[in-house]
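Structure first, then comments.
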Amino acid sequence: MRVYLDNAATTRPDPEVIEAMMPYLSDHFGNPSSIHSYGRKSKAAIEMARKTVAQLIGAAPPEIYFTSGGTEADNTALYGLVTTFGIKTIISSPLEHHAVLHSIEYLGSSGKVNVLFLDVNEKGEFDDHQLEALLKENPSSLVTLMHVNNETGNITDIRRVGELCAEYKSYFHSDTVQSMGKLPLDTRQVKINSLAGSAHKFHGPKGTGFLYVNGSAKIKPFMHGGGQERNLRSGTENVAGIVGLAKALEIAVNKMEETANTLQSMKDRMISRLKKEIPGVQFNGFSDDPVKGLYNILNVSLPPDDKLDMLLFQLDLKEIAASGGSACASGALQGSHVLNAMKADPERPVVRFSFSRFNTTEEIDFACDTLADLIHHH
């Protein structure tokens, strides 16, 4: 049995998405900037997709910009907000995705921007009071905090963060790559300046993402060229990818409640089985909490065993795809920056299982059996 449980890394494209994309890889190949009928057909498809995405997140179509993925969207937003509004302070957390962390480190290295990090506890939580205190001391800051952590599944209350940012006249960007299409998100109800999404995390194609920028906060471009995407993102648009992204997000939002229930029950099953079969098993962050952790990510911390350093490889030999990322004893480059910041025990091997609506209960059982087997045979 081949089992794919690494959906937080990428998801299988939905057959309906592939079907929606195909015409734009064959007959409708025109350049959206061309004025003839071929070009107009492609342009119309992009604008239709923009309207769909906007409706699904409570935005206006001109607030949606298509990019090559979440990383470009994060970079564009952070660079754009800092340079456009002359921001002097960025407030973030050490648990952010590298698309955000490396971007703000780069901005900080110029010496023009001061980067401040919130403290996090061993569960990966930061303190609202500390955020408020930093905003009080540094008004007109840029706060960047992800909606859902890609390693632990921890959910941030972005509505609360947005309110604090608005109160202290600061800007708020959120990397919503892991939550998009999985948690309800309405930009009319969250005070947010920008957010990033990526199609391949919700059963769409790789290499396509989008950036939402609130209409009141027009930002300077990160890339220059032909002026596509209303001058914010030059470069010929990935028409098929954009069509696929919109279709995938539409399916994800329509099936959200049903998917959430199915995956939460799969995850609960895995938690209870692992607790029963692996004495001393733990779960990092809130990945075993049905309220504070997203239903599709389970970060499993196994009892210390030096023979388990090849665990992911051994799972792969059994045809189970998962991902790892233990805390790092030496503080060297390898190891998970998220688990290191949470002061996780570096001796404990870690496996992240992440589920999708294409998984089955049989696959979950097979993964639990295999993992328990690998551990007991050591």
Notebook entry, point to check: In this structure, is Phe172 modelled with pLDDT of 95 or more, in contact with a Cys (Cβ under 6 Å, 6 or more places away or on another chain) and closer than 29 Å to Tyr79 by Cα?
Noted result: yes
Check: Is at least one residue of the stretch 327-341 surrounded by fewer than 12 Cβ atoms within 10 Å (Cβ to Cβ), in a helix (DSSP H, G or I) and modelled with pLDDT under 85?
Finding: no
Checklist line | Flag for His129 being closer than 22 Å to Gly80 by Cα and either without any contact (Cβ under 8 Å) to a residue 40 or more places away in the chain or surrounded by 13 or more Cβ atoms within 10 Å (Cβ to Cβ) (or both) | finding: no
Check: Could you count how many residues in the stretch 204-227 are of a type in the set (S, T, N, Q) and within 14 Å of Pro62 (Cβ to Cβ)?
Finding: 2
Next item on the list: Could you please give the count of residues in the stretch 277-294 that are part of a loop (DSSP other than H, G, I, E, B), hydrophobic (A, V, I, L, M, F, W, C) and farther than 10 Å from Asn154 by Cα?
Entry: 2
Notebook entry, point to check: Any idea which of (1) buried (at least 16 other Cβ atoms within 10 Å of the Cβ); (2) touching a residue at least 60 places away in the same chain (Cβ under 8 Å); (3) within 19 Å of Phe366 (Cα to Cα) is the one Val281 doesn't satisfy?
Noted result: (2)
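The values are calculated or read from the model by the stated rules, or taken from the named source; none is laboratory data. Remember, predicted model here, so these are calculated numbers, not experimental data. In this analysis, Cβ positions are derived from the backbone assuming ideal geometry, glycine residues included, and neighbour counts consider all displayed protein chains.
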